[in-house]
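The block underneath contains the structure these notes are about, expressed in structure tokens.
The values are calculated or read from the model by the stated rules, or taken from the named source; none is laboratory data. Please read all numbers here as calculations on a predicted model, not as lab measurements. In this analysis, Cβ positions are derived from the backbone assuming ideal geometry, glycine residues included, and neighbour counts consider all displayed protein chains. Just so you know, the surface numbers come from the protein's heavy atoms only, side chains and all, with ligands and any DNA or RNA stripped out. Shrake-Rupley method; radii C 1.70, N 1.55, O 1.52, S 1.80 Å.
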Amino acid sequence: MTKHVAVLMGGLSAEREISLRSGEACAKALEEQGFQVSRVDAGHDVANVLAALKPDVAFNALHGKFGEDGCIQGALELLRIPYTHSGVLASSVAMKKDIAKTVMAAAGVPTPKGRVLHRLDAAKAHALPLPYVLKPVSEGSSFGVFIVSEGQEHPPQELWSEDWTHGDMMLAEQFIAGRELTCAVMNDKALDVIEILAADGGWYDYYAKYAKGGSKHVLPANLKLNIYQEVQHLALEAHRALGCRGVSRADFRYDDRPGGTGELVVLEVNTQPGMTETSLVPEMAAYAGFSFGELVRWMVEDASCDR
């Protein structure tokens, strides 16, 4: 019997357009793998839609609010529909960057020093010694992120905007200079490590993440063997500490500059990594021998409910 998969995409967050791209890519690949696929744009009526569809599995291609923070996972648990990626608790904890940092630190995973404050307080005065990073505690795809550089007299004044849509609480973290690294975990095993180089020489912002040619991915990353293995080890430790399942991706900074600190820190863990044509997880999976179709098939076969 052909398995019926509902691909959840779009949704209500700032990452809607990325989710639509991820979802469509996954839906096409699943159809090519022989699954019956229903594309579901997950709005406020998503529970009713799924109850009527009665899929065998939900493939969660949502990003951000409601899709990545435990909300849709809770609805799927109530509907008893097995779903891909992490469960309710891991999703909600990983989405709250400040809480995730606390959990990872308790497990011995190094993270940047920082503090949480209201965005209006962050706009009044520098939250940390320069340079530092300001980011919403519950946002993805680099929305609302600022690099506050040396010599910058004032904090980002965009934080005063009445049109601000990324939540009121901000996480201020020390800026770790050096290299941008990432490593995925699949089936409780760390994949290989990618170094990310933004095409414009800047930081890995929204354009670098999603525009074709916006960034260069070096796979495998050119690192000393002990550092390479430590990145893999920490990616797996962070995945386990947060209680993730299926596929996750941890992002790192590594300061190996001459005279640098040598710090290797985990910035965050993504429980719903992007699955677009420029995304990192499909690239790492391909390097490990999984085609895109094989990757999404495995994710469907791995789907479950937490309860």
Yes or no: region 268-291 includes at least one residue that is in contact with a Leu (Cβ under 6 Å, 6 or more places away or on another chain) and over 26 Å from residue 226 (Cα atoms).
no
Determine, yes or no, whether residue 96 is charged (D, E, K, R), open to solvent by 40 Å² or more (accessible area, probe 1.4 Å), at negative phi and at pLDDT 90 or above.
yes
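Go over the candidates 251, 200 one by one and state the one that is surrounded by fewer than 17 Cβ atoms within 10 Å (Cβ to Cβ) and either farther than 22 Å from residue 64 by Cα or modelled with pLDDT of 95 or more (or both). Please lay out each step first, then the result.
Working: 251 fails: surrounded by fewer than 17 Cβ atoms within 10 Å (Cβ to Cβ).
Criteria check complete, one pass: 200.
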Per the list (1) part of a loop (DSSP other than H, G, I, E, B); (2) within 22 Å of residue 305 (Cβ to Cβ); (3) open to solvent by less than 20 Å² (accessible area, probe 1.4 Å), residue check on residue 13 breaks on (2)
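Counting only residues that are modelled with pLDDT under 95 and open to solvent by 10 Å² or more (accessible area, probe 1.4 Å), how many does region 214-244 have? Reasoning before the result, please.
Filtering region 214-244 down to residues modelled with pLDDT under 95 leaves 214-217.
From the residues that got through so far, the ones that are open to solvent by 10 Å² or more (accessible area, probe 1.4 Å) too are 215-217.
The total comes to 3.
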Quick check on region 56-73. Is at least one of its residues in contact with a strand residue (DSSP E or B) (Cβ under 8 Å, 6 or more places away or on another chain) and surrounded by fewer than 19 Cβ atoms within 10 Å (Cβ to Cβ)?
yes
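Looking at 159, 191, which one is buried (at least 19 other Cβ atoms within 10 Å of the Cβ), at pLDDT below 90 and aliphatic (A, V, I, L, M)? Give the derivation first.
Numbers: 191 fails: at pLDDT below 90.
Testing whether each residue is buried (at least 19 other Cβ atoms within 10 Å of the Cβ), at pLDDT below 90 and aliphatic (A, V, I, L, M) leaves just 159.
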I need every pair where a residue in region 27-55 that is touching a residue at least 60 places away in the same chain (Cβ under 8 Å) and closer than 19 Å to residue 82 by Cβ has its Cβ under 8 Å from the Cβ of a residue that is open to solvent by 60 Å² or more (accessible area, probe 1.4 Å) and part of a loop (DSSP other than H, G, I, E, B), sequence separation at least 6 or different chains.
35/2; 35/3
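What do you reckon, is residue 273 open to solvent by 30 Å² or more (accessible area, probe 1.4 Å), of a type outside the set (Phe, Trp, Tyr) and part of a loop (DSSP other than H, G, I, E, B)?
On the way: open to solvent by 30 Å² or more (accessible area, probe 1.4 Å): no; of a type outside the set (Phe, Trp, Tyr): yes; part of a loop (DSSP other than H, G, I, E, B): yes.
Against the criterion (open to solvent by 30 Å² or more (accessible area, probe 1.4 Å), of a type outside the set (Phe, Trp, Tyr) and part of a loop (DSSP other than H, G, I, E, B)), residue 273 does not qualify.
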With respect to the numbered conditions (1) open to solvent by 20 Å² or more (accessible area, probe 1.4 Å); (2) touching a residue at least 60 places away in the same chain (Cβ under 8 Å); (3) polar (S, T, N, Q), which one is the sole condition not fulfilled by residue 152?
(2)
